[in-house]
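Asker: Starting off with a structure, shown below.
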Amino acid sequence: MFQGIYNKRRVLVTGFSGFKGAYLAYFLHRLGAEICGVALPVEEPSLCSIARIEKLLRCEYCDIRDREKLEEIIQNFKPEMVFHLAAQSLVRKSYKEPVETFSTNVMGTVNLLECCRICESIRSIVVISSDKCYENRETLVPYKESDPLGGYDPYSASKGCTEIVAASYRKSFFPVEKYGKTHQILLGSCRAGNVVGGGDYACDRLIPDLVRGALEGKETLLRNPDSVRPWQHVWEPLSGYLALGAELFSGKREFAQGWNFGPEKENIVRVGEAAGLLQKYWGKIRIKIYSSGDQLHEANLLLLDSSKAREKLSWQSIWNMEKTFMATAQWYSSYHEEGIDLLEKQYEEYIYDAVKANVKWSIL
């Protein structure tokens, strides 16, 4: 897979203790990478602990706002490739802690890129932001990578800033026209839709809230049941990040830009429909519509145009809505009812389906 590029490569992953970071670390482990994970201490419960991700990598606990310590870690490990996922990732928390959100997501990214800039071993950097980085006009027109960046809430604004920081470093310090002459780093950035999957326990997210309600035998209140979101299983964008990272590491300068990794149109449905699908595959989930006039602002409609990734990276979604929410429900029900973690099994199912679909990255 991925031309075998990740096998025995030194790869730095920031935010490995988070939901998406833990999945990426596992994916890289299966690809044969030597991984250094940088993150804050794990908050329990977590997939990182359940799947024992820390045993698969060199673990370094560090706040990415601590530039001195981060630089020491990077210089000691000497990574060849970097995936930056560390972030304050919750919209509603960003209203309560805007300073922490901006300092982590913006200055944390600056710190990381500064450390990478002076590390001679690094060849590729993939910065992960969010679909919320766009100036959301809440229309039915999907956002392309060339659309204006913005953000209403502090989280979304910080992700827009993250993209601007990445673009600035790419132009100022890693310009593609000088690649191989004055520098040796290619930098790309990624925006994905609403990512779901087993092992997410964050606050104020749909799936974890539904799971907590099921475990407590309570109804889960849906704040915005009619809001439309682009749902995708966590494996989907990760395969895109890895495909991009492989192209950058191979020295293909045309890939050093921003990329969308969103689901197919049929996976773009209302929050209420997504909750209903999870309930379909785990009957313990109970739902109640929440109506209140004093809610914090959250986007009601947000769509991504991923045609560039499909055309240029040959990337595509593998699992449809049914499979996405079935796999998610099965992970939670299996773990909480039987104590069985399905991470390995579902990884192998996803790879099998990718090979069966003849997806380019899976058959190289």
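The values are calculated or read from the model by the stated rules, or taken from the named source; none is laboratory data. The model shown is predicted, which means the values in this text are computed figures rather than measured ones. Neighbour counts are summed over all protein chains in view; Cβ atoms, including those assigned to glycine, are modelled from backbone coordinates with ideal geometry.
Asker: Select the helices (runs of 4 or more DSSP H) contained entirely in region 75-173, then report the ones holding at least 1 residues which are under 24 Å from HIS29 (Cα atoms) and under 19 Å from the mean Cα position of the chain (by Cα).
Answerer: Output list reads 108-117.
Asker: Something else about it: What are the pairs with Cβ atoms under 6 angstrom where one residue, in region 19-30, is aliphatic (A, V, I, L, M) and the other, located anywhere, is part of a helix (DSSP H, G or I)? Sequence gap at least six, or different chains.
Answerer: Pairs found: ALA22/LEU47; ALA22/CYS48; ALA22/ILE53; LEU24/LEU238; ALA25/ILE53.
Asker: Of everything in region 159-172 that's among the β-branched types (Val, Ile, Thr) and either crowded, with 19+ Cβ neighbours inside 10 Å or without any contact (Cβ under 8 Å) to a residue 12 or more places away in the chain (or both), which residue is nearest to MET326 (Cα to Cα)?
Answerer: Per the criteria, the residue is THR162.
Asker: Mind checking which pairs have a first residue in region 54-81 that is over 20 Å from GLU120 (Cα atoms) and a second that is exposed (fewer than 14 other Cβ atoms within 10 Å of the Cβ), Cβ under 6 Å, 6 or more apart or different chains?
Answerer: If the second residue must be exposed (fewer than 14 other Cβ atoms within 10 Å of the Cβ), the pairs left are TYR61/PRO41.
Asker: On to the next question. Just to be sure I understand, how many residues within region 313-346 are farther than 30 Å from GLN257 by Cα, part of a helix (DSSP H, G or I) and of a type outside the set (S, T, N, Q)?
Answerer: So the count comes out to 15.
Asker: If I filter region 57-67 for residues that are in a helix (DSSP H, G or I) and surrounded by fewer than 20 Cβ atoms within 10 Å (Cβ to Cβ), do I get at least one hit?
Answerer: Looking through region 57-67, at least one residue is in a helix (DSSP H, G or I) and surrounded by fewer than 20 Cβ atoms within 10 Å (Cβ to Cβ).
Asker: Here is a follow-up. Inside region 118-154, can you point out the residues that are touching a residue at least 40 places away in the same chain (Cβ under 8 Å) and among the small types (Gly, Ala, Ser)?
Answerer: Within region 118-154, SER121, SER124, SER129, SER130 qualify.
Asker: Now, a different point. Answer yes or no as to whether VAL99 is surrounded by fewer than 17 Cβ atoms within 10 Å (Cβ to Cβ), under 30 Å from SER227 (Cβ atoms), modelled with pLDDT under 95 and hydrophobic (A, V, I, L, M, F, W, C).
Answerer: No; evaluated as a whole, the condition is false for this residue.
Asker: Would you mention how many residues in region 174-185 are touching a helix residue (DSSP H, G or I) at 6+ places or on another chain (Cβ under 9 Å) and in a helix (DSSP H, G or I)?
Answerer: Selection size over region 174-185: 2.
Asker: Here is a further query. Condition check: out of contact with any Phe, Trp or Tyr (no Cβ under 8 Å at 6 or more places or on another chain) and among the polar types (S, T, N, Q). Does SER89 satisfy that?
Answerer: It is false that SER89 is out of contact with any Phe, Trp or Tyr (no Cβ under 8 Å at 6 or more places or on another chain) and among the polar types (S, T, N, Q).
Asker: On the basis of being under 22 Å from HIS233 (Cα atoms) and over 15 Å from the mean Cα position of the chain (by Cα), does PRO41 make the cut?
Answerer: Spelling it out, it is not the case that PRO41 is under 22 Å from HIS233 (Cα atoms) and over 15 Å from the mean Cα position of the chain (by Cα).
The rows are residues; the columns are (1) assigned to a strand (DSSP E or B); (2) touching a strand residue (DSSP E or B) at 6+ places or on another chain (Cβ under 8 Å); (3) in contact (Cβ under 8 Å) with a residue 60 or more places away in the chain; (4) among the β-branched types (Val, Ile, Thr).
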| residue | (1), (2), (3), (4) |
| --- | --- |
| LEU187 | yes, yes, yes, no |
| CYS190 | yes, yes, yes, no |
| VAL195 | yes, yes, yes, yes |
| GLY199 | no, no, yes, no |
| ALA202 | no, no, yes, no |
| ASP209 | no, yes, no, no |
| ARG212 | no, yes, no, no |
| LEU215 | no, no, yes, no |
| ASN224 | no, no, yes, no |
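Asker: Related question: Tally time: how many residues in region 329-355 are closer than 15 Å to SER239 by Cα and basic (Lys, Arg)?
Answerer: Residues meeting the conditions: 0.
Asker: State which residue is surrounded by the most Cβ atoms within 10 Å (Cβ to Cβ) when the search covers only region 173-195 and only residues that are closer than 24 Å to LYS144 by Cβ and among the hydrophobic types (A, V, I, L, M, F, W, C).
Answerer: Ranking the candidates gives LEU186 first.
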